[in-house]
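Visitor: My questions will all concern the structure given below.
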Amino acid sequence: MKKNQAILITVVLLLLGWELLIRGLHVPMYILPPPSMIFLSLMKEWKLLIFIHLPSTLLEVLIGLFLAVLMGVVVAVLIVFSRIGGKVLYPLVIASQTIPLVALSPILIMWFGYSIWGKVAITVLISFFPIVVNVVDGLRATNEEWIQLMKTMGASPRQIFWKLQIPHALPSFFSGLKVAATVSVVGATIGEWLGASEGLGFFSRRASNNLQADLLFASVFLLSLIGIAFFLLMQWIEKRSIPWFYQMKKIERKR
Amino acid sequence: MKKNQAILITVVLLLLGWELLIRGLHVPMYILPPPSMIFLSLMKEWKLLIFIHLPSTLLEVLIGLFLAVLMGVVVAVLIVFSRIGGKVLYPLVIASQTIPLVALSPILIMWFGYSIWGKVAITVLISFFPIVVNVVDGLRATNEEWIQLMKTMGASPRQIFWKLQIPHALPSFFSGLKVAATVSVVGATIGEWLGASEGLGFFSRRASNNLQADLLFASVFLLSLIGIAFFLLMQWIEKRSIPWFYQMKKIERKR
Amino acid sequence: ALEDSGQGKELNRVSLMLDWYPNAVHSFLYAGLEKGYYEEQGVDLEIKMPADTNDPLKLVASGQVDLALSYQPQVVMARAQQIPVVSYAAVVRHPLNMLMVPEDSDISSPKDLSGKTVGYPAIPMNEAMIQTMVGKDGGDPQQVTLVDVGWDLMPAISTNKVDAISGGFINHEKVLLEKQGFPVKVFHPVDYGVPDYYELVLVTSEEFAKENPELLNAFWEASKKGFEFVKESPSEGLDILFKRQEQSFPLERDVEEKSLEILLPLMSSGKESFGSQTEQSWEDTIQWMLETKLIEQKIEAKDSYVTP
Amino acid sequence: MSILKAIDITFGFEHDRLILRKCSFEIGENEFISLVGLSGCGKSTVLKLIAGLYPPQEGRLEYAHGAQLGKIGFMPQQDLLMPWRTVLENAALPMEIQGVNKREAQRRVLELLPIFGLQGYENAYPFELSGGMRQRVSFLRCVLTGHQMLLLDEPFGSLDALTRREMQLWLTETWQKWKQSVLLVTHDLDEALLLSDRIFVMTSPQEGPYYEIKVPFPKPRQPSQVYTKEWLDLKEKMTTFLYKKREIK
Amino acid sequence: MSILKAIDITFGFEHDRLILRKCSFEIGENEFISLVGLSGCGKSTVLKLIAGLYPPQEGRLEYAHGAQLGKIGFMPQQDLLMPWRTVLENAALPMEIQGVNKREAQRRVLELLPIFGLQGYENAYPFELSGGMRQRVSFLRCVLTGHQMLLLDEPFGSLDALTRREMQLWLTETWQKWKQSVLLVTHDLDEALLLSDRIFVMTSPQEGPYYEIKVPFPKPRQPSQVYTKEWLDLKEKMTTFLYKKREIK
Ligand SMILES: Nc1ncnc2c1ncn2[C@@H]1O[C@H](COP(=O)(O)OP(=O)(O)OP(=O)(O)O)[C@@H](O)[C@H]1O
Ligand SMILES: Nc1ncnc2c1ncn2[C@@H]1O[C@H](COP(=O)(O)OP(=O)(O)OP(=O)(O)O)[C@@H](O)[C@H]1O
Ligand SMILES: [Mg+2]
Ligand SMILES: [Mg+2]
């Protein structure tokens, strides 16, 4: 209770500070509008934002994140378990992260046109990397003694993988997943610049082209909400999926 | 030896496949040029690329990554150890990740002008997040039994932090660092769009604008090299910093 | 630049943000720098590049830069939203932004776009332009599908993902597409009901215009000389641009030559001096933007620009 | 004088399975006490309660020298060596925490390593040690806290007879020299009888009260006494307490 | 018939400190062998060699039933329970690996839990168990491999006398019933004498050869025999082997 109150107060103070700072320092509103203005334009355009643009971005994020997780885990497994593949694949994966969008976007348009898949592709590209690195590290960190024990039980590499390395890499995987979930929102936003006719990324770009900073930040606000929501969702899934990891801490601390 | 050969062969095959695919499928060269063309324009413009643009991007990446690590760790520590701060700070950090560049660029220019710091700011913004998440998770994962033991020794929270939680979070920190090092290259690239007159990001954008795909991909190639180099550098530092983590595996596996 | 001014005159620093990366259209600025025209006028010019085509206006309004190159309709839009910018000179006096279709396309005039897809960079002005053009030509604007293609106008049309593009410049996209073996037909917006607006204008903030009339004047005098130089000897003008750019990016000579060839007539103003503006042009543009709902209320044409 | 008084302590992890019910005991200065009991009856938990790691659900603990954290040497049942520290660094940890000068701390560790049979292993990481060696490092770390009260959770469980005896002797000596109080958990009744002034025999509160035995033999005691009648009788008595009506086959 | 033959095995982690030098031994079918030795002398290493986890540097191991991995039940010295698995799931792991139907595996675990004193703990996670309970789960997991040969590394080290005796009896019974071969590491010479057919007394190769003792007492043996003269003599003899000229004070 008390903690929640304190949080609320902090948030209110932050918003107030922002408002006052902008008004006090005469920061131009077309560069950074005060929260009150953002709120007003959010009220004005909420129907458009919530019913048209939000769902379309959400869909991209959802599909993209799902594919990113799938691909990230598969790639990580290949890197860890195939030695040559790993030596070639890992650098390729890293290289893929450094390609600027200007180089990529024409290629994606050639392949995917203006369908949702171009946006999904960018989302995947941006968000699969943290998963790869964390899962690789998680899989590599498995305690050798456990592996030995399972070997004496006659476990196949596949069984060691599923029954030992995967559960053992889960905490690490979830670290990566939380990063991925957050950056997938940026991915979708950037993806929409590839060409879209709806979505918060598209909306924000149009608002910016129209010099409507209040609308721009209204969409930024919604994007942040999506980011936070996805992050919290992943955290929630994490707590459910590795109860042994959290339960341990909780019980021992409670007493 | 044999492994290195296999890697070389794979790389050559990949390049060959790319070349043939593009020539065979008549992919427009101004969208995706074949490696031979990229190599030629790299040869042609190497002086410009290596002596003017590469150093400037490298500098941004270096400063940016350094600050990102500093800031990432500090923020993570605040999130873990200050309860209210954590509840407010973490969502803010997540939100910061979802703000598109169109909203950010005028603000950054207002603050930093056209100095290198605007570019550094974007690099920091993009690369500090993986560090935050991984360090937070690493710090939170510390085994409660060790904390208890240190408490009985009369250790202050500060001592528990430095002597237990920090070393314990190191492997996790390094996962984040490797992601950060890679995406910091993207950060600098994007940062250079803020208004720069040199740097590989600047170069790539101009090349793209002029439909000079060969030059564009020449700079992409260099960006990828930086990314891979930074990743490997971090991996090397990791191996040096947590020998106990790797030594354990090595010795037990060697026999 | 300070030390070789030679005359002991104090130089006033002026920063200018380009509309985009340096190209042929900016050669008059570089010529002025190279030939020392700005120094003669006591101006120390510093050229900057934007992150986004919208940044120049915002930054000039907030005083982060003194001058910027932007587009006339953009200035109108900014003023309509109380962003205090004014136009100081018309650099390119006619639209460059034209509707383009592949040369072998069966679209022979804008009305044929009914039922087709047009790619554009999510700029509302382009939407209005297509509507006006198709409507004036007797087509149904509602039947045209608009697709935001982001930055990639050229790949969009050259890979046939769209039937036409709006937002491409005749001195850039058209030239580049042709160079890549993809010739295009263009439809001139002025032929289809769009006012003959100024594609590129030099803008500054109201405050700067009020406080530094002499400086602006000096700057513009030098720019005029630069433009005269480029007009007289385009090839040398380009040489200067290339020289100034060789440390950062290898521009392509043939492309910029063609571009400048297209630009020069559109920048010259006949009897009037380079950069002069007319109230009529502003009035027409404002009226058109009002009709197409690009702005919500009318703004004063004569407040939108200042003259030296 | 007592160094610790436990008054009416109640504790349990689950409500239906208490570990202590209104349990009171005292530990005297320079007293050596052993704690024996069935596996899983709660011995380790008692040690953690005394160390101040769990707060009792009811009752209270009174310490002669004020707060307990940082005043008691605690050796946990699992060795809990830090994998990123060498033997030397692990053993020096408590001194590091107390701010002892690094060289001095090293000196003290290196001085004791031969006695603990760990000579030559100062730079080894825990994963390079055998189970018994790890236990000894953990024991060493505990005694190097230098505190007046030591809580030892099965410190000699993985040691062979000779090594165990050497450790016992060393412990007895330091205990006498420094006038420490020791609470030692063990499953070896002979060990308890050999070392202790008193023995706490723990049963779960579900099964009845806990017992306390005063060991009547004068010190120093010899392992050879193990076969004397009085010794065997006392052991017999403890076994009865421990296992009630259950019988050792 | 021997189930395992070790021929001239040499092994060491460091070159100057060998653990085995040209060591040969045999383990017969349905034989119960104990391995005793000083802490750190290499007992756990021998078990890992036999289990096939370390390849010997020289010499070879011959198994009657072919490859060793997946044919031997191995109980490591550290419990190595998986923290993400409950007691039930941990114990069922080897059967899971062998592809035993899940319900059947559960049934077998649940059947044995009361015997192992773990009734009611089937859904507890390892962190909720005491040290001795963890050891028993680990032991249970090992026997549930169902293999003919069991390698047990100090399986009863953290158990009190009664629980330990119960486990011993249960082990002896199953060993007889299923005609298993057992190699048990222990520090308790009485335990070794009580259970084994033969006892291997390990010394480091630096100190001399290793010894083998055939236990002459007929089975079943009773704990009461511990005080008989023959028993004590044999113990004495082993102690001499173990500690050479060193003396237990
Ligand atoms: N992974 C390893 N790397 C290096 N040395 C090791 C390793 N494991 C064990 N040793 C060394 O090998 C020797 C024997 O170890 P081992 O664990 O086999 O002893 P043990 O007889 O089981 O002792 P204990 O009774 O204490 O468990 C020890 O000196 C130890 O330091
Ligand atoms: N963290 C915990 N959460 C829940 N239950 C616990 C926890 N720790 C211990 N227990 C339970 O408390 C009881 C006593 O545990 P404790 O470790 O004190 O036993 P012990 O006497 O030390 O046994 P052993 O001789 O086997 O080490 C056990 O039944 C155990 O299951
Ligand atoms: Mg215990
Ligand atoms: Mg061992």
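Visitor: Where residues in the stretch E:126-150 are within 13 Å of ligand 2 (Cβ to nearest atom) and at pLDDT below 90, which of them is farthest from E:Leu80 (Cα to Cα)? Even if it seems obvious, please write down each step before you answer.
Guide: So in the stretch E:126-150, the residues within 13 Å of ligand 2 (Cβ to nearest atom) come out as E:126-139.
Filter once more, so that each one left must be at pLDDT below 90: E:127-128.
Numbers: E:Phe127: 12, E:Glu128: 15 Å.
Checked the stretch E:126-150; the qualifying residue farthest from E:Leu80 (Cα to Cα) is E:Glu128.
Visitor: While we're looking at this one, here's another question. For the stretch E:61-78, which positions are part of a loop (DSSP other than H, G, I, E, B) and either within 30 Å of E:Asn123 (Cβ to Cβ) or of a type in the set (Asp, Glu) (or both)?
Guide: Filtering the stretch E:61-78 down to residues part of a loop (DSSP other than H, G, I, E, B) leaves E:64-71, E:76-78.
Passing the criteria: E:Gly70, E:Pro76, E:Gln77, E:Gln78.
Visitor: Is it the case that B:Ala103 is assigned to a helix (DSSP H, G or I) and within 13 Å of chain A (Cβ to nearest Cβ)? I'd like the intermediate steps shown before the answer.
Guide: Details: assigned to a helix (DSSP H, G or I): yes; within 13 Å of chain A (Cβ to nearest Cβ): yes.
Yes.
Visitor: Name the residue that is farthest from the other protein chains (Cβ to nearest Cβ), counting only residues in the stretch E:24-40 that are within 11 Å of ligand 4 (Cβ to nearest atom) and either in contact (Cβ under 8 Å) with a residue 24 or more places away in the chain or over 22 Å from E:Gly157 (Cβ atoms) (or both). Break it down stepwise before answering.
Guide: Start the filter on the stretch E:24-40 by keeping residues that are within 11 Å of ligand 4 (Cβ to nearest atom), which leaves E:35, E:37-40.
Going one step further and asking which of them are either in contact (Cβ under 8 Å) with a residue 24 or more places away in the chain or over 22 Å from E:Gly157 (Cβ atoms) (or both), we end up with E:35, E:37-39.
Working: E:Leu35: 11, E:Gly37: 7, E:Leu38: 5, E:Ser39: 3 Å.
So the residue we want is E:Leu35.
Visitor: For the stretch C:162-205, enumerate the residues that are out of contact with any helix residue (DSSP H, G or I) (no Cβ under 8 Å at 6 or more places or on another chain) and either part of a helix (DSSP H, G or I) or more than 25 Å from C:Val76 (Cα to Cα) (or both).
Guide: C:Lys174, C:Glu178, C:Gly181, C:Lys185, C:Val190, C:Asp191
Visitor: Okay, moving on. Would you say B:Leu62 is surrounded by fewer than 16 Cβ atoms within 10 Å (Cβ to Cβ), assigned to a helix (DSSP H, G or I) and free of Cβ contacts under 8 Å to residues at least 40 places away in the same chain?
Guide: Working: surrounded by fewer than 16 Cβ atoms within 10 Å (Cβ to Cβ): yes; assigned to a helix (DSSP H, G or I): yes; free of Cβ contacts under 8 Å to residues at least 40 places away in the same chain: yes.
So B:Leu62 passes the test.
Visitor: Could you check, for the stretch A:220-237, whether at least one of its residues is small (Gly, Ala, Ser) and either in contact with an Asp or Glu (Cβ under 8 Å, 6 or more places away or on another chain) or surrounded by 24 or more Cβ atoms within 10 Å (Cβ to Cβ) (or both)?
Guide: Narrowing the stretch A:220-237 to residues small (Gly, Ala, Ser): A:224, A:227, A:229.
From what is left, the residues that are either in contact with an Asp or Glu (Cβ under 8 Å, 6 or more places away or on another chain) or surrounded by 24 or more Cβ atoms within 10 Å (Cβ to Cβ) (or both) are A:227.
Checked against the condition, which is being small (Gly, Ala, Ser) and either in contact with an Asp or Glu (Cβ under 8 Å, 6 or more places away or on another chain) or surrounded by 24 or more Cβ atoms within 10 Å (Cβ to Cβ) (or both), the stretch A:220-237 yields at least one hit.
Visitor: Same structure again: Do any helices (runs of 4 or more DSSP H) entirely within the stretch B:112-214 hold 2 or more residues that are within 14 Å of chain D (Cβ to nearest Cβ), buried (at least 24 other Cβ atoms within 10 Å of the Cβ) and out of contact with any Lys or Arg (no Cβ under 8 Å at 6 or more places or on another chain), and if so, which?
Guide: B:144-152, B:166-192
Visitor: Having 2 or more residues that are more than 16 Å from ligand 4 (Cβ to nearest atom) and within 16 Å of the chain's Cα centre (by Cα) is the bar; report the helices (runs of 4 or more DSSP H) wholly within the stretch E:102-214 that clear it. Walk me through how you get there before you give the answer.
Guide: On the way: elements: E:102-112, E:131-143, E:161-178, E:189-195.
In the stretch E:102-214, the matching helices (runs of 4 or more DSSP H) lie at E:131-143, E:161-178, E:189-195.
Visitor: Give the number of residues within the stretch C:258-298 that are part of a helix (DSSP H, G or I), touching a residue at least 40 places away in the same chain (Cβ under 8 Å) and surrounded by 15 or more Cβ atoms within 10 Å (Cβ to Cβ).
Guide: 14
Visitor: One residue is enough: does the stretch C:231-248 have a residue meeting the conditions crowded, with 20+ Cβ neighbours inside 10 Å and of a type in the set (Asp, Glu)?
Guide: So in the stretch C:231-248, the residues crowded, with 20+ Cβ neighbours inside 10 Å come out as C:237-238, C:240-241, C:248.
Right, trim to of a type in the set (Asp, Glu) and you get none.
No, there is no match, as no residue in the stretch C:231-248 is crowded, with 20+ Cβ neighbours inside 10 Å and of a type in the set (Asp, Glu).
Visitor: It is to be established whether one or more residues within the stretch D:140-160 are touching a Phe, Trp or Tyr at 6+ places or on another chain (Cβ under 7 Å) and more than 16 Å from ligand 3 (Cβ to nearest atom).
Guide: Yes.
Visitor: Might you let me know whether the stretch D:91-99 holds any residue that is farther than 19 Å from A:Glu145 by Cβ, within 14 Å of chain E (Cβ to nearest Cβ), assigned to a loop (DSSP other than H, G, I, E, B) and away from ligand 4 (no atom under 16 Å from the Cβ)? Even if it seems obvious, please write down each step before you answer.
Guide: Residues of the stretch D:91-99 farther than 19 Å from A:Glu145 by Cβ: D:91-99.
From what is left, the residues that are within 14 Å of chain E (Cβ to nearest Cβ) are none.
No, the stretch D:91-99 has no match at all.
Visitor: How many residues does the stretch B:136-152 hold that are in contact (Cβ under 8 Å) with a residue 12 or more places away in the chain and over 20 Å from B:Gly85 (Cα atoms)? Steps first, please.
Guide: First, the residues of the stretch B:136-152 that are in contact (Cβ under 8 Å) with a residue 12 or more places away in the chain: B:136-143, B:146-147, B:150.
If we keep only those that are over 20 Å from B:Gly85 (Cα atoms) too, we end up with B:142-143, B:146-147, B:150.
Residues in the stretch B:136-152 being in contact (Cβ under 8 Å) with a residue 12 or more places away in the chain and over 20 Å from B:Gly85 (Cα atoms): 5 in total.
Visitor: On the basis of being more than 23 Å from C:Gly226 (Cβ to Cβ), modelled with pLDDT of 90 or more and touching a Ser or Thr at 6+ places or on another chain (Cβ under 8 Å), does C:Asn97 make the cut?
Guide: Numbers: more than 23 Å from C:Gly226 (Cβ to Cβ): yes; modelled with pLDDT of 90 or more: yes; touching a Ser or Thr at 6+ places or on another chain (Cβ under 8 Å): yes.
Yes; evaluated as a whole, the condition is true for this residue.
Visitor: A further question on this structure: When you check A:Ile107 against the structure, is it assigned by TED's automatic domain parsing to the domain that holds A:Pro171, in contact (Cβ under 8 Å) with a residue 40 or more places away in the chain and β-branched (Val, Ile, Thr), yes or no? Let's see the steps before the verdict.
Guide: Numbers: assigned by TED's automatic domain parsing to the domain that holds A:Pro171: yes; in contact (Cβ under 8 Å) with a residue 40 or more places away in the chain: no; β-branched (Val, Ile, Thr): yes.
Against the criterion (assigned by TED's automatic domain parsing to the domain that holds A:Pro171, in contact (Cβ under 8 Å) with a residue 40 or more places away in the chain and β-branched (Val, Ile, Thr)), A:Ile107 does not qualify.
Visitor: Still on this structure, please answer the following. Would you point out the residue of the stretch E:167-187, among those that are buried (at least 19 other Cβ atoms within 10 Å of the Cβ) and not hydrophobic (A, V, I, L, M, F, W, C), that is nearest to ligand 3 (Cβ to nearest atom)?
Guide: E:His187
Visitor: What is the residue count in the stretch E:41-60 for residues that are in a helix (DSSP H, G or I) and more than 10 Å from ligand 4 (Cβ to nearest atom)? Outline the logic, then answer.
Guide: The first filter runs over the stretch E:41-60 and keeps only residues in a helix (DSSP H, G or I), leaving E:43-51.
With more than 10 Å from ligand 4 (Cβ to nearest atom) added as a condition, the list becomes E:49-51.
So the count comes out to 3.
Visitor: Would you check if D:Leu81 is within 14 Å of chain B (Cβ to nearest Cβ) and part of a loop (DSSP other than H, G, I, E, B)?
Guide: Working: within 14 Å of chain B (Cβ to nearest Cβ): yes; part of a loop (DSSP other than H, G, I, E, B): yes.
Answer is yes for this residue.
Visitor: OK, next. In the stretch A:133-174, what count of residues is obtained for those that are of a type in the set (Lys, Arg) and within 26 Å of the chain's Cα centre (by Cα)? Step through it out loud before you land on a result.
Guide: Applying the first criterion (of a type in the set (Lys, Arg)) to the stretch A:133-174 yields A:140, A:151, A:158, A:163.
Narrowing the set further to residues that are within 26 Å of the chain's Cα centre (by Cα) leaves A:140.
Count: 1.
Visitor: Of everything in the stretch D:64-94, what is touching a Lys or Arg at 6+ places or on another chain (Cβ under 7 Å) and not small (Gly, Ala, Ser)? Give them in sequence order.
Guide: At the first step, the residues of the stretch D:64-94 found to be touching a Lys or Arg at 6+ places or on another chain (Cβ under 7 Å) are D:65, D:69, D:79, D:81, D:90-91, D:93-94.
Of everything in the stretch D:64-94, those that are touching a Lys or Arg at 6+ places or on another chain (Cβ under 7 Å) and not small (Gly, Ala, Ser) turn out to be D:His65, D:Leu69, D:Asp79, D:Leu81, D:Asn90, D:Leu93, D:Pro94.
Visitor: Right, another one. Please find, among B:Lys3, B:Lys44, the residue that is basic (Lys, Arg), at pLDDT 85 or above and surrounded by fewer than 18 Cβ atoms within 10 Å (Cβ to Cβ). I'd like the intermediate steps shown before the answer.
Guide: Working: B:Lys3 fails: at pLDDT 85 or above.
B:Lys44 is the lone residue from the list that is basic (Lys, Arg), at pLDDT 85 or above and surrounded by fewer than 18 Cβ atoms within 10 Å (Cβ to Cβ).
Visitor: With the checklist (1) in contact with a Gly (Cβ under 8 Å, 6 or more places away or on another chain); (2) more than 14 Å from chain B (Cβ to nearest Cβ); (3) over 30 Å from C:Glu40 (Cβ atoms); (4) part of a helix (DSSP H, G or I) in hand, flag the one item C:Phe208 doesn't pass.
Guide: Among (1) in contact with a Gly (Cβ under 8 Å, 6 or more places away or on another chain); (2) more than 14 Å from chain B (Cβ to nearest Cβ); (3) over 30 Å from C:Glu40 (Cβ atoms); (4) part of a helix (DSSP H, G or I), C:Phe208 violates only (3).
Visitor: Could you grab the pairs with beta carbons closer than 8 Å, sequence gap of 6+ or different chains, first residue in the stretch A:80-103 and touching a residue at least 40 places away in the same chain (Cβ under 8 Å), second one charged (D, E, K, R)?
Guide: A:Val80/A:Arg140
Visitor: Right, next: For the stretch C:1-91, give me every one of the helices (runs of 4 or more DSSP H) that falls completely inside it and has 1 or more residues that are in contact with a helix residue (DSSP H, G or I) (Cβ under 8 Å, 6 or more places away or on another chain), of a type outside the set (Gly, Ala, Ser) and within 15 Å of C:Tyr198 (Cβ to Cβ). Give the steps one after another, and end with the answer.
Guide: Numbers: elements: C:27-35, C:37-40, C:55-61, C:72-80.
By residue number, C:55-61, C:72-80.
Visitor: Which count do you get for residues in the stretch A:118-138 that are touching a Phe, Trp or Tyr at 6+ places or on another chain (Cβ under 8 Å) and over 18 Å from B:Pro130 (Cβ atoms)?
Guide: The total comes to 2.
Visitor: Looking only at the stretch E:118-129, how many residues end up being within 24 Å of E:Gln168 (Cβ to Cβ) and either within 16 Å of ligand 1 (Cβ to nearest atom) or surrounded by fewer than 19 Cβ atoms within 10 Å (Cβ to Cβ) (or both)? Steps first, answer last, please.
Guide: Filtering the stretch E:118-129 down to residues within 24 Å of E:Gln168 (Cβ to Cβ) leaves E:118-122, E:126, E:129.
Within this subset, residues satisfying the condition of being either within 16 Å of ligand 1 (Cβ to nearest atom) or surrounded by fewer than 19 Cβ atoms within 10 Å (Cβ to Cβ) (or both) are E:119-120, E:122.
Residues in the stretch E:118-129 being within 24 Å of E:Gln168 (Cβ to Cβ) and either within 16 Å of ligand 1 (Cβ to nearest atom) or surrounded by fewer than 19 Cβ atoms within 10 Å (Cβ to Cβ) (or both): 3 in total.
Visitor: Now, a different point. Which residue pairs have Cβ atoms under 9 Å apart, sit 6 or more places apart or on different chains, and have a first residue in the stretch E:174-192 that is more than 14 Å from chain D (Cβ to nearest Cβ) and within 16 Å of E:Ile72 (Cα to Cα) and a second that is basic (Lys, Arg) and within 16 Å of ligand 3 (Cβ to nearest atom)?
Guide: Correct list of pairs: empty, since none qualify.
The values are calculated or read from the model by the stated rules, or taken from the named source; none is laboratory data. Everything numeric in this text was worked out from a predicted model, so none of it was measured. Using ideal geometry, Cβ is built from the backbone for each residue, glycine included, and neighbour counts are taken over all protein chains shown.
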